[in-house]
Amino acid sequence: MTDRSAERKQTIFTVALSLFSERGIKATSMQDIAERCGFSKGTLYQHFRSKEELIRSIHEYALATLQQKLESAASQDRSARETFVAQIEVLLHSLIEFKTFMVMQIREQEFTGIGDGLRKQQAAGACAPERHPLLTTAFVQVRRSLIGIYGPEIDAYSGDLFILISGLTFSYLQLADDWGMPEIPIPQSLRHLERMVDAAVERLLQSNPEPLIAPALWAGWIEETQAPGDSGAAKRPFILIRQMRDTLAWSPLLRAEREETMQTLDVLEAELNEEYPRRAVVKGMLANLREVHSLHGALEQLEPILLYRLDEQAAF
């Protein structure tokens, strides 16, 4: 993707989101988007072959952006509670940025086909973690923060608390639209959510009820808790590499830097597919990736996994 192409795609996304907010997804045509962008319709179709493809690309862009910000919040030098609050703040800001589009997407999912696709995957039992890296990343990071704040005894309720946190986070933004209430400032929302989670945790640990979202339902999503030889853990580096590629697609890097970093990921992935990855090659590629700031969140998860495996390999 050239720098100019990336800039044009960003312009198209911004304009399309604005028009979808004004008119709705169905009522907005590709011609409308092209005219607002100042492009010809042919130029728009060079980037996106249909409105459905454009909508899917916006969806992927929103998810990749949120994923990058969540990982960055987790990579800072913060306490578990500070990390948790920072992640929720990221989620709130991202929901504000993409709220109208997401609400319309839900209401008009029969047009976009995304909802039908997810339902087919669920019916086929295909909604594995690698199919939804953002959801997996969000859950893993929030779960880690909850354990850091409240201790390992809260882990059985991680699924329940994740649902509570997700519901409250989105509901804060719906109060003004659906209830006609004044918009709640984000710092106030964060303090309220923190108190609600504290109260819920205290009650759960006192009464010790059976969790609604039992660990058996989400245990398969938590690859970092498995032994390094397990098949789920074996996939984790490749999931992180794919996430890095998604992040690079929307990063503000110059074309040459982006292409060089993509080549680094290609070399690293190929080396990891070898029976005995070479330490010098893996460490060299990791050093190259450290130079790319937007990848630091995923890299801080990837590097210890790979170094552990190299040490384990050298021990035999």
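The values are calculated or read from the model by the stated rules, or taken from the named source; none is laboratory data. Note that this is a predicted model, so its numbers are computed, not measured. Please note: Cβ atoms are built from the backbone with ideal geometry, for glycine as well, and neighbour counts cover all protein chains shown.
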Report, by residue number, each residue of the range 253-282 that is touching a residue at least 24 places away in the same chain (Cβ under 8 Å) and farther than 30 Å from E7 by Cα. L272, Y276, P277, R279, V282
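Report whether or not P209 is of a type outside the set (A, V, I, L, M, F, W, C), in the same structural domain as L161 (by TED's automatic domain parsing), at pLDDT 85 or above and more than 30 Å from E7 (Cβ to Cβ).
Values: of a type outside the set (A, V, I, L, M, F, W, C): yes; in the same structural domain as L161 (by TED's automatic domain parsing): yes; at pLDDT 85 or above: yes; more than 30 Å from E7 (Cβ to Cβ): yes.
Yes: the conditions hold for P209.
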Of the residues that sit in the range 261-304 and are of a type in the set (D, E, K, R) and either more than 23 Å from the chain's Cα centre (by Cα) or not in a helix (DSSP H, G or I) (or both), which one is nearest to Q141 (Cα to Cα)? R290
Report yes if K51 is more than 23 Å from the chain's Cα centre (by Cα) and either buried (at least 16 other Cβ atoms within 10 Å of the Cβ) or not hydroxyl-bearing (S, T, Y) (or both), otherwise no. yes
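Go through the range 44-67 and report how many residues are of a type in the set (A, V, I, L, M) and at pLDDT 85 or above.
First pass over the range 44-67, keeping only residues of a type in the set (A, V, I, L, M): 44, 54-55, 58, 62-64, 66.
From the residues that got through so far, the ones that are at pLDDT 85 or above too are 44, 54.
Number of matching residues: 2.
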Please go through (1) within 17 Å of V140 (Cβ to Cβ); (2) at pLDDT below 60 for W218 and return the number of the only condition it doesn't satisfy. (2)
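Which one of these is in the same structural domain as R191 (by TED's automatic domain parsing), crowded, with 18+ Cβ neighbours inside 10 Å and not hydrophobic (A, V, I, L, M, F, W, C): T83, T28?
Numbers: T28 fails: in the same structural domain as R191 (by TED's automatic domain parsing).
Matching residue, one of T83, T28: T83.
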Of the residues in the range 250-270, those that are surrounded by fewer than 17 Cβ atoms within 10 Å (Cβ to Cβ) and under 16 Å from L240 (Cα atoms) number 6
